[in-house]
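Peer 1: One structure is given below, represented as structure tokens, and several questions about it will come after.
The values are calculated or read from the model by the stated rules, or taken from the named source; none is laboratory data. Remember, predicted model here, so these are calculated numbers, not experimental data. FYI the Cβ positions are ideal-geometry reconstructions off the backbone, even for glycines, and counts take in every protein chain you see. Areas reflect the complete protein model, heavy atoms only, side chains present, ligands, DNA and RNA absent. Shrake-Rupley method; radii C 1.70, N 1.55, O 1.52, S 1.80 Å.
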Amino acid sequence: MSATIVSLPDQSTARIPKVNYLTKENGILSWLLTGDHKRIAILYLISLSFFFFIGGALAGLIRLELLTPQTDLMATDTYNKVFTMHGVIMIFFFLVPSVPATLGNFLIPLMIGAKDLALPKINLLSWYLYIAGGILAIYTMAAGGVDTGWTFTTPLSTHYVNTNVLTTGLAVFIAGFSSIFTGLNFIVTIHKMRCPGMTWFRLPLFVWAHYAASILMVLATPVVAIAIVLVALERTIGIGVFDPAKGGDPILFQHLFWFYSHPAVYIMILPGMGVISETISTFSRKRVFGYTAVAFSSVAIAVFGFFVWAHHMFIMGISNYAVLVFSLLTMLVAVPSAIKIFNWTFTLYKGSITFETPMLYTFGFMGLFTIGGLTGVFLGTSGTDIHLTETYFIVAHFHFVMVGGMLMAFLAGIHFWWPKMTGRMYPEKISQLAAVVTFIGFNFTFFPQFILGTLGMPRRYASYPPEFQVLNVFSTAGATILGVGYLLPVLYLTWSLKYGAIAGNNPWQATGLEWQVQSPPLTENFTRTPIMDHEAYDYEWLERQKEKEVTTSAG
Amino acid sequence: MPDSTAIAHGAHETGSNTHDEHPPYLRHHFESTEQQADAAGFAMWLFLLTEVMFFGGLFTAYLIYRNWYYPAFVSGSHQLNVVWGTLNTLVLIISSFTMAMGVWCAETGRRRGLVLSLSLTLILGLGFLGIKSIEYAEKIEKHHVPGFHYSLQSFLDPQSDRAVFSEYHDKPLMLDMARHTEVYFSLYFLMTGMHALHMIIGIGILGFMIFRARAGAYTSGHVTFVENFGLYWHFVDIIWIYLFALLYLISRH
Amino acid sequence: MSEQIELGEHQHHDEQDEDAHHIVGPGVYVIILIALLVGTALTVWASFIDLGPWNPVIALAIATTKATLVVLFFMHVKYSTKLTKLTVGAGIFTFLTLVSLTLADYISRAWGSW
């Protein structure tokens, strides 16, 4: 018998509120032309899941090919295309927009007491840009794919491959602007739309994390946009900026690309950290330990994120002195990340912890992200990096951070706010099973890759020496389990849309403003502008509210 | 830039008596017009930040290659006409001034002044592009467009390029260095081209604004769009101020 | 003369009126226009004199001065909220990070190995 905090209304009398954002208007056009941040979030959720499963299917193909040392499932150039498209789709069409565009879109206005994001039309535009980019990416796959790797490395991408670099580049360019507009919208909203009494240090940490990620989206994304424009012009009309034959420097592309793509990993992970701050507080019934430190560590990660990009380039021919400086600067980022992990752990200390599904995913996040983060220190240290880079060690490292970290956080958040988004609970037992299966499958898939990497198995090859086969079989078997773990939520979450228990306003007894309104919320979120009169995560305030309700209903 | 709904109706209001509390352009999710204007202005500034970083990549490339291929960049720069460049700088600065005046006219409700200022800005913008195209034509004629039959003659044999030679007396470059002038011209066309693209977009929006301003759209209190466009136009001006210095001026000796 | 008095007043009210919408008048714009035109003349004139390594320095210094004038007055940053000033600062800071850290690599490549 495990303790639980779930408090659902009496199911025999409970009803989903008749008027809510889902029922306000009907018809496909009312969705496609909506300015409502909650509907746009749902649009994103559906399209993101679609791209996630395409990317996942490609990952499945990669693992199948790597089951045996020979290249038997597909030709080597097909393999190149498969892992390239896996990377492009997962990074630009799933991870970067994942939490911000779905949960962030849905929750930021609710959390700060606003009726909508500041720029609803821009918000809708960014969804359309995302879809346009996505369609181009799908078209690229249908037209024969691209095999540069998701990094578009020059001069390979400008001179040597005859695949669809242009359409992929354009797809990423468009998706980049989608991301810029989302970030811009969040920053403006968080600055200008907070309700009375909602000071900066009363904001939920979810909002702080999104604020930090948005800064990166706005300032870093344009640099990759110009880098892609340069690659496209180099391919089409032969300008000489990256072309060594004309005096250009291919490493300049790497600088511009990683100036974005390193901060991009913080764009991906920061919103996930925001989710974790919310779940860990709710399921420990405690204020997040060191609120201010966690809030500022988000901003610190964003700022330091701009100083470390060249650690992706240690073996590419940058100067030894730059390697030294960037290696040292990289260590800086470990500090705010560690602050977060320590503070979350202290939040657990003496909390009354319960183990609902979001909390299970949260524990998964903390463990896997810590491993991913610490192996990042190996890679940030130039000495070990030279041995480990371009091996499966690096593959395992960023999958621990991105899949073990970000995807766990995404699933934690989806489960946590599912009752708010749909008004219905997901089924608890099977979802706990899914969380455990995901965790086991993940470790089976990616832990062997750390060992493979240290043994020297290079990434991006379809074949490998036979002595690596045992670990690769482990990895492929784990991927199968992982696939089941990801398929389960789709099934039971869809099921719960119709058959889930009615959630009521606040099933978790959480403190955020979003939990004080009906589920699903009204289109205008609040019937009158709320006034924030307490700190974030104030469970005593929540108790007093409940007492008040009881006395008023009794009297 | 947020679109403003129902601005045109504002034109017919003679006073601000009835609409004092809820002007027609106030979107439902804002508490007040100040909040709406604040949010839009801040969003525009953030958009300009992305523009800064977008051009930032090009400026970085320019600085690196100028450092590497200094002689090539000097010779390449000598192919630019300082007179045209100066003229264009003046045109653009004056257009920035007329734009600023337009913002002031909108803020103080001067409809005819606004239309006049915007029209002058548009004409000056077109003038800038006209001068730029004269310069581009000259480069095309001399085969200085990278990628398309790029010609090294002006750099291997400067005396053949009499007009430029009489002014600068450049020494011939070695073949290897001469070939790097193509990098200079790549960056020249990228930076000025990207800048011109921003001008063209700006001129398109200007035309739209003049059309709306004639109906009085921006002179009845809702000036956010004009103000935000002003920010964009001044930003484009600032980019040119730097391009002029970097491309035309700093390599004259 | 009257413009200068106006300018002084703006500065005076800057602290209290940060949030109030400020209208900058034509007087300020004319002064800035003249300053920008003078700056352009100055930088072109300076480029005709051989100052060795100082030519780029002077050209970029004048360009920065001109850009600052445009940002402060044409774009009203001088009269704007701290938030706008911070936004401009963030843009300049990130831009300089990109340029300086990238250039740091290129410049130190010439120093060779350890």
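Peer 1: Given all pairs of different Cα atoms, what value in angstroms does the Kirkwood hydrodynamic radius of segment B:45-174 take?
Peer 2: Evaluated on segment B:45-174, it is 17.8 Å.
Peer 1: Compute, for B:M174, the solvent-accessible surface of its heavy atoms (probe 1.4 Å) with the complete set of protein chains present, and express it in square angstrom to the nearest 10.
Peer 2: 150
Peer 1: Quick one, could you list the DSSP H helices from chain A stretching 18 Å or more along their long axis (Cα atoms) with average Kyte-Doolittle hydropathy of -1.0 or above?
Peer 2: Going by DSSP H runs, the hits are A:37-65, A:76-90, A:120-142, A:165-192, A:205-236, A:250-282, A:291-304, A:320-348, A:357-380, A:408-422, A:428-455, A:469-499.
Peer 1: In addition: Two-decimal Rg/Rh of chain B from alpha-carbon positions, Kirkwood Rh?
Peer 2: 1.11
Peer 1: To continue, here is another question. Determine, from the Cβ-Cβ distance of A:V377 and A:T68 and an R0 of 25 Å, the FRET efficiency 1/(1 + (r/R0)^6), rounded to the nearest 0.05.
Peer 2: The formula returns an efficiency of 0.15 here.
Peer 1: Using label points projected 7 Å from each Cα along Cα→Cβ, tell me how many nm separate A:L125 and A:W541, to one decimal.
Peer 2: Label at A:L125, label at A:W541, 3.5 nm between them.
Peer 1: Something else: What are the ³J(HN,Hα) values, in whole Hz, obtained from phi via the Karplus relation 6.51 cos²θ - 1.76 cosθ + 1.60 with θ = phi - 60°, for each residue of segment B:171-180 in sequence order, with x given for Gly and Pro?
Peer 2: 7, x, 8, 5, 3, 4, 5, 4, 5, 6
Peer 1: Setting aside same-chain residues fewer than 8 positions from C:K66, which lysines have a Cα under 21 Å from its Cα?
Peer 2: Within reach: C:K78, C:K85.
Peer 1: Using 0.36 nm per residue, how much length does the chain from A:I28 to A:Y160 gain when fully extended, once their Cα-Cα distance is taken away?
Peer 2: 43.0 nm
Peer 1: Share of the protein assembly as shown's accessible area from carbon and sulfur, percent, 1.4 Å?
Peer 2: Here it works out to 68 percent.
Peer 1: Whole number in Å², please: accessible area per residue of segment B:28-249, 1.4 Å probe, ligands, DNA and RNA not counted.
Peer 2: 36
Peer 1: Separate question: Angle, helix B:111-141 long axis vs. longest principal axis of chain B, Cα atoms, 0 to 90°, nearest 10?
Peer 2: It is inclined by approximately 20 degrees.
Peer 1: D for the protein assembly as shown, whole µm²/s, Stokes-Einstein with Kirkwood Rh over alpha-carbon pairs at 4 °C and 1.567 mPa s: what number?
Peer 2: It comes out at roughly 44 µm²/s.
Peer 1: What residues does segment B:220-253 have that are buried by at least 50 Å² of accessible area in the full protein assembly compared to the chain on its own, 1.4 angstrom probe?
Peer 2: B:H234, B:I238, B:I241, B:Y242, B:L249, B:I250, B:R252, B:H253
Peer 1: So, one more: In degrees, nearest 10, range 0 to 90: what is the angle between the Cα axis of helix B:224-243 and the longest Cα principal axis of chain B?
Peer 2: It works out to around 10 degrees.
Peer 1: Accessible area lost on pairing B with C, both sides, 1.4 Å probe, Å² to nearest 100?
Peer 2: Summing both sides, the interface buries roughly 3900 Å².
Peer 1: Please compute how much accessible surface disappears when A pairs with B, both sides summed, using a 1.4 Å probe, and round it to the nearest 100 Å².
Peer 2: 3200
Peer 1: Work through the residues other than A:T154 whose Cβ is under 15 Å from its Cβ and net out their charges, Lys, Arg +1 and Asp, Glu -1.
Peer 2: With Lys, Arg at +1 and Asp, Glu at -1, the neighbours total -2.
Peer 1: Under 11 Å from a point placed 7 Å out from the Cα of A:Q11 along the Cα-to-Cβ direction: which residues of segment A:418-434 have their backbone N that close?
Peer 2: What the label zone holds, given the 11 Å backbone N cut-off, is A:425, A:427-428.
Peer 1: Taking the convex hull of the alpha carbon atoms in segment A:328-418, what volume per residue do you get, in Å³?
Peer 2: Convex hull of Cα atoms, per residue: 92 Å³.
Peer 1: From the backbone phi of segment B:81-97, what are the Karplus-calculated ³J(HN,Hα) couplings (6.51 cos²θ - 1.76 cosθ + 1.60, θ = phi - 60°) in whole Hz, Gly and Pro given as x?
Peer 2: 9, 4, 5, 4, x, 4, 4, 5, 4, 4, 4, 6, 5, 5, 5, 5, 5
Peer 1: What distance in nm separates the simple spin-label points at A:F296 and C:K82, each placed 7 Å from Cα in the Cβ direction?
Peer 2: In this crude label model, A:F296 to C:K82 measures out at 1.6 nm.
Peer 1: Now for a different question. Work out the FRET efficiency for A:V490 and C:V38 from their Cβ-Cβ distance, taking R0 = 60 Å, and round it to the nearest 0.05.
Peer 2: About 0.35, to the nearest 0.05.
Peer 1: Follow-up question, since we're still on this one. Would you calculate a helix-derived [θ] at 222 nm for the protein assembly as shown, using -39,500 (n - 2.57) for each DSSP H run of n ≥ 4 and dividing by the full residue count, to the nearest 500?
Peer 2: -22000 deg cm²/dmol
Peer 1: Could I ask something else about it? Within a Cβ distance under 11 Å of B:L87, other residues only, what is the Lys/Arg minus Asp/Glu net charge?
Peer 2: 0
Peer 1: Under the rule of at least 5 residues apart or a separate chain, name every residue whose amide H is placed under 5 Å from the amide H of A:R424.
Peer 2: A:A503
Peer 1: Same structure, new question: May I ask for the net charge around A:F326, where only other residues with Cβ less than 15 Å from the Cβ of A:F326 are counted and Lys, Arg are +1 while Asp, Glu are -1?
Peer 2: Combined, the nearby Lys, Arg, Asp and Glu give -1.
Peer 1: Rg/Rh for segment A:270-319 to two decimals, with Rh computed the Kirkwood way over all alpha-carbon pairs.
Peer 2: Here Rg/Rh amounts to 1.22.
Peer 1: Still on this structure, please answer the following. Using 1/(1 + (r/R0)^6) with R0 = 60 angstrom and r between the beta carbons of A:V550 and B:F165, what's the FRET efficiency to the nearest 0.05?
Peer 2: Once the sixth-power term is evaluated, E becomes 0.05.
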